[in-house]
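See below for the structure under consideration.
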Amino acid sequence: MGGKIKRILANSVLVVLFNNELIIMGVVQRKLSKTFENFFDSEKSSGILLIICTIISLAITNSIIGMNYLSLWQMYVGGLSVEHWINDGLMAIFFLFIGLELERELQVGELSDFKNALLPIFAAAGGLGLPALIHFLFNNGTATQAGIGIPMATDIAFALGVLALLGSRVPASLKVFLTALAVIDDLGAIIVIAVFYTAKLSTVYLFGAMIVFGILILLNKVRILSLVPYLIGGALMWFLMLKSGVHATIAGVLLAFTIPFSAKDDDEESPSHRLEHFLHKPVAFIILPIFALCNTGIIIGADSLQSLTTTNSAGIISGLLIGKPIGITLLSFIVVSLGICRLPLDLNWKHVFGAGILGGIGFTMSIFITNLTFVGNANEINASKMAILLASLTAGTIGFLWLKLLGKSEESDADMDTMDFEMTEV
């Protein structure tokens, strides 16, 4: 076992310091990394701003200047509408950021330890599968069956923003569990977008994009550490993806995995770390708020309540509010019962179910998939967005109240800033 070990005898209790972990009487206390703390802080602030932007967008859309506001996003600039530039351009940067975060999680974060990663992986699988199944049962054989991907995703910023409102009563393991769960959910959504929401495919442009991707990987292998060639190559890959018919935002995720990464936490020399650190605030405070302003312009009319009773809306609402918490908790309980993985000591099943409820905040990713699913069908898009907002607001409110009233930390959790594991689990 590598690493530096220190043994300290305090109050007749053996305390062992190993790297960034504190081992006390067989219990390993693992501190959260500085990079994770920065990510969590930026996401919670972004979540609050998203709520504000959504309220503003809804208010303006349903005012006397509503039609002017909606037409603003349909103005054409450089051959594409403003809405298209936001959903395909700015959101590619968002997906680049998500890709960088996913890479960090896989390399040095919670997902880097396979045994610790199993719980959020299985939880995410349950949170992806059951909502999709519920929507399918409502819409099988109908014109809205393609909306199966809408209730599958979780909005990281919104969910962590609600969790942050609980303050110091949130165990460290719950923060990491929900973050890892949401990141894996987004990965699932990305795969769904790439596989099921591809327009007419141009193999020539797709082949060109893959050549650029291969060149960027080669640059990584020979340790070219300047970000410039990666960003230029990423822009070219985005253009080729846009022309290929595969959604252009996928280029952002692919680019993230070509940029050299350092396993050292908060390494200023790491291109991946520098880019992720640079993108934190622009993504949280510019890109996602603009996306919310553009995509939550929902017209609330006399038939709004009726639109929420359609099979598509029922599938979305039920998938997010019922499928998410049950799917996440049930599959987690099964794999823990079978001994495949274990709960951290500072996490209990009430916490897991509360995280499952917050997983029902689909918002950004659900709206994003809605736009891809019902292209050209404004009424269906509007109704789907209403269902997403209603479900997300309800999930956020119930999740907050659940964790506030029932999510009391374990008595053995003396330090809320560390994740606690049995020595045998590490």
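The values are calculated or read from the model by the stated rules, or taken from the named source; none is laboratory data. Here the structure is a predicted model, which means the values were calculated and not measured. We place every Cβ from the backbone using ideal geometry, glycine too, and count neighbours over all the protein chains shown.
Side notes on the structure shown:
- When residues in segment 197-248 are screened for being of a type in the set (Phe, Trp, Tyr) and farther than 20 Å from residue 80 by Cα, 3 of them pass.
- The one condition in (1) touching a residue at least 12 places away in the same chain (Cβ under 8 Å); (2) surrounded by fewer than 18 Cβ atoms within 10 Å (Cβ to Cβ); (3) closer than 29 Å to residue 129 by Cβ that residue 227 fails to fulfil: (3)
- Screening segment 259-290 for residues that are within 29 Å of residue 74 (Cβ to Cβ) and either aliphatic (A, V, I, L, M) or buried (at least 21 other Cβ atoms within 10 Å of the Cβ) (or both) and picking the one that is modelled with the lowest pLDDT gives 284.
Yes or no, residue by residue, for (1) among the small types (Gly, Ala, Ser); (2) farther than 18 Å from residue 186 by Cα; (3) assigned by TED's automatic domain parsing to the domain that holds residue 322:
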residue: 97; (1), (2), (3): no, no, no
residue: 136; (1), (2), (3): no, yes, yes
residue: 149; (1), (2), (3): yes, no, yes
residue: 166; (1), (2), (3): no, yes, yes
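- Qualifying residue in segment 301-312 (condition: among the aliphatic types (A, V, I, L, M), over 17 Å from residue 363 (Cα atoms) and over 23 Å from the mean Cα position of the chain (by Cα)): yes
- Against the numbered list (1) part of a loop (DSSP other than H, G, I, E, B); (2) out of contact with any strand residue (DSSP E or B) (no Cβ under 7 Å at 6 or more places or on another chain), residue 346 comes up short only at (2).
- Residue 288 vs. criteria in a helix (DSSP H, G or I), under 28 Å from residue 358 (Cβ atoms), in contact with a Gly (Cβ under 7 Å, 6 or more places away or on another chain) and of a type in the set (A, V, I, L, M, F, W, C): no
- Selection from segment 369-395 of residues that are in contact (Cβ under 8 Å) with a residue 24 or more places away in the chain and either in contact with a His (Cβ under 6 Å, 6 or more places away or on another chain) or outside any helix (DSSP H, G or I) (or both): 374
- Qualifying residues in segment 143-188 (those that are touching a Leu at 6+ places or on another chain (Cβ under 6 Å) and closer than 21 Å to residue 314 by Cβ) - the one surrounded by the fewest Cβ atoms within 10 Å (Cβ to Cβ): 152
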